[in-house]
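What follows is one structure encoded as structure tokens, with my remarks underneath.
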Amino acid sequence: MSPEHFVIIGNGAAANRAADVLRRGDKDARITLISDEFFHFYHRHRLADYLAGTAGEDDLLVRTPQHYQKHRIRLRLGQRVTRVDPQEKVLYLKHMEKVRYTRLLLCTGGKPRLPEIYYAYRACFTTVKTLADARQLRERLDGIRDVVVVGGDLVSVRLAGALVRLGKAVTFLVDADAFWPLELTPERRAEFAERLTRAGIDVRLDDALIHVEPLASGGYRVTTRAGERLRADMVGAFFGLVPDVDFLLGTGLDVDRGLLVNEYLKTNLPDIYAAGDCAQVYNPALRNYWVSIGWPNAEKLGEVAARNLLGQMQPAGQAPASALEYEGIVVNTCWWRRM
Ligand SMILES: Cc1cc2nc3c(=O)[nH]c(=O)nc-3n(C[C@H](O)[C@H](O)[C@H](O)COP(=O)(O)OP(=O)(O)OC[C@H]3O[C@@H](n4cnc5c(N)ncnc54)[C@H](O)[C@@H]3O)c2cc1C
């Protein structure tokens, strides 16, 4: 009987790929996946289809519950990890339960980024990262006619397209800060604007939201830098994803934009690795760290981390050159830590 208990925080592309590789490499180990989401592993990039009504919840599923039974992977859904004690090798769940691990893999993904200047308006904004977010929005759709979208990441582009197909009037304020930390050339931004306009979206290039307030009659009033006042039933804020690592601050893990890991995806603490959108990976050739947001990268890093947890020494290698694509426009979603 293997003495190992591999615990993985996360139930996305990185976590699931890692669990499969761990099971293939160690038939006897205990493997546990913990996720604060209530749903089984699903395709996040299909959330816009779900919203548009062209895909149901079942169409989003990547894995059935039987997969986990067959491979003896324990799945704990709807359970949030609030703290990690690396000395005792214990995780604390929100409902006060403790989970012991021998080796831990952090696959906590990304969370929607909101630029600081918009913090005061947080309660007015809608974001979509999870199926739960999309479900909530779908339930509100009948009461939504006018939509204002600020930002301009690829999630927003897809969701705006879905909302237009549902007959909603969408005004898109393409912020100069969109695609942060990447900077799109003026030509590239114009190209995006042109595609969005063709899709039926009212695009305002180089305008920005400067104020938003809820109206007593319902909905919101948005004031733009150009002085326009727009009424909206929904204000979407989409500025990309950033590593979701806040609950790990104070554990002793090295954190910059994401969890800092070496080329083998090992953190600075014993027996703790990280993979996927939450990881910031060292490349010794470049003497620099990279973060990359995207499904293929998450799968690749999940696989590499699992191999290394099994005792191999496989380097993660270079960051992928690009990850996301919208109607033929490819956006590089990888960025470097400024040293
Ligand atoms: C709407 C949308 C569209 C997208 N479209 C594309 C696309 O077209 N192409 C592409 O390549 N990428 C796309 N992405 C990005 C892609 O989905 C992510 O890069 C990928 O899912 C990352 O996988 P991951 O395993 O690193 O993390 P995630 O899939 O984010 O999973 C993280 C997991 O960690 C869990 N978790 C986090 N903190 C805790 C905690 N404290 N306790 C318990 N559980 C926790 C979460 O519940 C979740 O299960 C899209 C993302 C979104 C939101």
*Looking at the chain, what % of the alpha carbon pairs are farther apart than 31 Å?*
36
*asked:* Explain nothing, just the number: dipole magnitude of the chain about its Cα centre with +1 on each Lys and Arg Cβ and -1 on each Asp and Glu Cβ, in debye rounded to the nearest 20.
replied: 820
_I need the fraction of alpha carbon pairs in region 114-239 separated by more than 19 Å, rounded to a whole percent._
44
_Using alpha carbons only, how many angstrom separate the centre of region 244-261 from the centre of region 1-57?_
21
*Mean separation of Cα contacts under 8 Å, 6 or more apart, over the residue count of the chain: relative contact order %*: 18
*Sequence neighbours fewer than 8 away in the same chain don't count; with that in mind, list the lysines whose C-alpha is under 24 Å from residue 168.*
129
*Any idea of residue 313's accessible area? Nearest 10 Å², probe 1.4 Å.*
140
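Grab the other residues whose beta carbon is less than 12 angstrom from that of residue 133, score K and R as +1, D and E as -1, and report the net.
Around residue 133, the surrounding residues sum to +4.
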_In region 30-99, chymotrypsin sites (Phe, Trp or Tyr not before Pro) in a DSSP loop with at most 11 other beta-carbon atoms within 10 Å_ = 38
_At most 15 other Cβ within 10 Å, DSSP loop - GluC sites (Glu not before Pro), region 76-139_ = 88, 97
*Nearest-10 value in Å² for the accessible area of residue 206, using the 1.4 Å probe*: 90
*Would you please give the residues with an amide H less than 5 Å from that of residue 242, counting only those at least 5 places away or on a separate chain, with H modeled from the backbone geometry?*
111, 113
*Using 0.36 nm per residue of separation minus the Cα-Cα distance, give me the extension gain between residue 221 and residue 249 in nm, one decimal.*
6.4 nm
_Sequence of 156, 217 when ordered by accessible area, the most exposed leading, probe 1.4 angstrom_ = 217, 156
*region 227-241 - phi-based ³J(HN,Hα) in whole Hz, Karplus 6.51/-1.76/1.60, Gly and Pro as x*: x, 6, 10, 10, 8, 9, 8, 8, 10, x, 10, 9, 10, x, 10
*Rank these residues by their accessible area, most exposed first, probe 1.4 Å: 300, 27.*
27, 300
_Length added when fully stretched, residue 165-residue 140, from 0.36 nm per residue minus Cα-Cα_ = 7.4 nm
*Over region 114-239, what is the percentage of antiparallel beta bridges among all DSSP beta bridges, to the nearest 5?*
35
*How high is the relative contact order of region 114-239, in percent, with contacts defined as C-alpha pairs under 8 Å that are six or more residues apart?*
34
*Which entries of 27/70; 27/98; 89/266 show an alpha-carbon separation above 20 angstrom in the structure shown?*
27/98
*Positive-end residue of 212, 172, 67, charge dipole of the chain with Cβ unit charges*: 67
*Can you pull the one-decimal nm distance between simple spin-label points at residue 77 and residue 61, each 7 Å off the Cα toward Cβ?*
0.9
*Given the peptides 140-147, 28-35, 189-196, arrange them by the average over their residues of other C-beta atoms within 10 Å, most packed first.*
28-35, 189-196, 140-147
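The values are calculated or read from the model by the stated rules, or taken from the named source; none is laboratory data. Since we're looking at a predicted model, the values are computed, not measured. Glycine gets a Cβ as well: all are built from the backbone with ideal geometry, and neighbour counts include every protein chain shown. We work out accessible area using only protein heavy atoms, side chains counted, and drop any ligands, DNA or RNA first. Shrake-Rupley method; radii C 1.70, N 1.55, O 1.52, S 1.80 Å.
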